[in-house]
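The values are calculated or read from the model by the stated rules, or taken from the named source; none is laboratory data. From a predicted model like this one, the values you see are computed outputs, not experimental measurements. Note that we place each Cβ from the backbone using ideal geometry, even for glycine, and neighbour counts take in every protein chain shown. In case anyone asks, the SASA skips ligands and DNA or RNA and just uses the protein heavy atoms, side chains included. Shrake-Rupley method; radii C 1.70, N 1.55, O 1.52, S 1.80 Å.
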Amino acid sequence: MARVTLRELNKTFADVTAVRSLSLDIDDGEFVTLLGPSGCGKSTTLACIAGLEDPTGGDILFDDKVVNDLSPRNRDIAMVFQDYALYPHMTVYENMAFGLSLRKMPKAEADAAVRRVSEFLGLAKLLDRKPGQLSGGQRQRVALGRAIVRNPAVFLMDEPLSNLDAALRVSTRSEIKQLQQDLGTTTIFVTHDQEEAMVLSDRIAIMHGGVLQQFDAPKVIYNEPINLFVATFIGSPKMNIMTGAVQQTGNGRVILPAGDAIAVPVPDSLPTPASGTLTAGVRPEHVRLSRDGEGLAKGAITLVEPVGAVTYVDVSLGTSHLKTSTDPALDFQPGETVSVDFTPGRTLYFDPESGERVTA
Ligand SMILES: Nc1ncnc2c1ncn2[C@@H]1O[C@H](COP(=O)(O)OP(=O)(O)OP(=O)(O)O)[C@@H](O)[C@H]1O
Ligand SMILES: [Mg+2]
């Protein structure tokens with residue numbers, strides 16, 4: 001097991017800067033996810049850690065040792081990719097044992113490792129099959145098994161679940177989390193799926209355009225996003241955003257989004273940006289709808305989406321539409337007029353020009 005440290009990592013390809021001055025300290029045994037939209041530099045970062053790409057600048061350390069000049073083979077890592085990259089002509093057993101024989105592990109020792117891991121992953125009965133005779137989920141498990149038998153210091157996984165169907169993604173995700181808890185191996189996982197990142201990670205490094213935005217525990221990223229990009233990238237359905245001029249009233253300051261029948265309260269201690277405007281962000285579960293309440297505004301229900309445990313309800317305030325998460329028992333209907341209120345203390349504020357969060 002190992003700590004992994006990135007110091008000012010840079011990677012440019014001709015005219016594209018894929019990773020810009022990325023610094024991360026990943027603890028021994030930690031599960032860290034690199035999260036961000038397509039093209040933000042996740043795979044490039046992972047490839048640099050693996051030694052498959054040479055950084056243009058900066059250092060990569062395993063424990064306290066700079067590994068920049070070590071070949072992938074000498075870095076004590078194991079990778080799992082989206083395309084499982086199994087050898088089609090080899091059996092499951094041979095796929096798992098192949099890397100061990102390359103490393104000259106004695107046959108009996110390799111055999112014991114393959115049998116132990118395949119037992120652990122529920123692959124024991126499939127050892128004689130070829131990849132072509134397996135389901136996608138089973139193939140993915142073989143790819144994981146091949147990484148695990150190596151007993152590396154670090155697992156590097158690049159979108160390992162994205163070829164699986166929705167149900168299998170969720171169950172395999174749980175398996176990976178359980179596995180990592182049991183093995184305690186430092187894991188760096190890449191995904192563009194924010195829910196996957198939230199569920200799996202001890203900490204999430206969220207990237208945008210090659211630049212690290214925030215590196216923290218999932219609940220901190222969710223509740224205290226550093227900027228509008230992070231706030232709206234994390235959470236499904238997305239955080240509701242309302243931007244408008246800040247105006248003084250008898251009861252303190254409010255944000256008045258143009259065209260909307262709402263005045264969003266601003267805490268007294270919050271500074272107003274120089275532009276005189278603020279953006280308010282409210283997660284769907286913090287918008288409360290009622291049929292009889294007073295509330296901050298009246299709105300019209302435009303869409304009702306039951307998902308089982310909750311029902312998503314869209315409310316029009318004029319120009320803005322708010323997505324809300326409601327108790328299915330309330331049984332809201334399209335066309336109803338409802339009062340809209342926000343959970344006290346759960347509105348976040350951002351500078352609309354810089355996107356940075358504004359705090360008291
Ligand atoms: N070998 C390469 N040559 C030139 N440009 C590259 C190369 N590899 C990646 N890039 C560019 O670097 C940027 C980051 O790519 P990267 O593959 O790291 O993104 P990603 O975050 O993994 O995206 P995705 O979610 O789509 O896999 C992109 O703009 C990409 O086009
Ligand atoms: Mg990628």
Please work out if G57 is assigned by TED's automatic domain parsing to the domain that holds I221 and within 16 Å of ligand 1 (Cβ to nearest atom). yes
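Matching residues to (1) among the β-branched types (V, I, T); (2) within 16 Å of ligand 1 (Cβ to nearest atom); (3) assigned to a helix (DSSP H, G or I); (4) at pLDDT below 95:
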| site | (1), (2), (3), (4) |
| --- | --- |
| R129 | no, no, no, no |
| G145 | no, no, yes, yes |
| N151 | no, no, no, yes |
| P160 | no, yes, no, yes |
| N163 | no, yes, no, yes |
| A167 | no, no, yes, yes |
| T172 | yes, no, yes, yes |
| L179 | no, no, yes, yes |
| D182 | no, no, yes, yes |
Quick check, is A97 within 16 Å of ligand 1 (Cβ to nearest atom) and modelled with pLDDT of 90 or more? no
In the stretch 153-195, how many residues are surrounded by fewer than 20 Cβ atoms within 10 Å (Cβ to Cβ) and under 18 Å from R3 (Cβ atoms)? 3
Are any residues in the stretch 41-60 touching a Pro at 6+ places or on another chain (Cβ under 6 Å) and away from ligand 2 (no atom under 16 Å from the Cβ), and if so, which ones? G51
Taking the condition of a type in the set (S, T, N, Q), without any contact (Cβ under 8 Å) to a residue 60 or more places away in the chain and farther than 21 Å from R129 by Cβ, does N74 pass? yes
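For (1) buried (at least 19 other Cβ atoms within 10 Å of the Cβ); (2) touching a residue at least 40 places away in the same chain (Cβ under 8 Å); (3) in a loop (DSSP other than H, G, I, E, B), each residue gets a yes or a no:
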{"site": "T45", "(1), (2), (3)": "yes, yes, no"}
{"site": "I49", "(1), (2), (3)": "yes, yes, no"}
{"site": "P55", "(1), (2), (3)": "yes, yes, yes"}
{"site": "L61", "(1), (2), (3)": "no, yes, no"}
{"site": "D69", "(1), (2), (3)": "no, no, yes"}
{"site": "M79", "(1), (2), (3)": "yes, yes, no"}
{"site": "D83", "(1), (2), (3)": "no, yes, yes"}
{"site": "S101", "(1), (2), (3)": "no, no, no"}
{"site": "K104", "(1), (2), (3)": "no, no, yes"}
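Rundown of residues vs (1) open to solvent by 70 Å² or more (accessible area, probe 1.4 Å); (2) assigned to a strand (DSSP E or B), yes/no style:
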site	(1), (2)
A18	no, yes
S23	no, yes
R73	yes, no
L86	no, no
A108	yes, no
Looking only at the stretch 2-40, count every residue that is over 16 Å from L200 (Cβ atoms), of a type outside the set (V, I, T) and either within 16 Å of ligand 2 (Cβ to nearest atom) or out of contact with any Asp or Glu (no Cβ under 7 Å at 6 or more places or on another chain) (or both) and tell me the total. 18
Inside the stretch 25-43, can you point out the residues that are away from ligand 1 (no atom under 16 Å from the Cβ), more than 19 Å from E8 (Cβ to Cβ) and open to solvent by 10 Å² or more (accessible area, probe 1.4 Å)? D27, D28, G29, E30
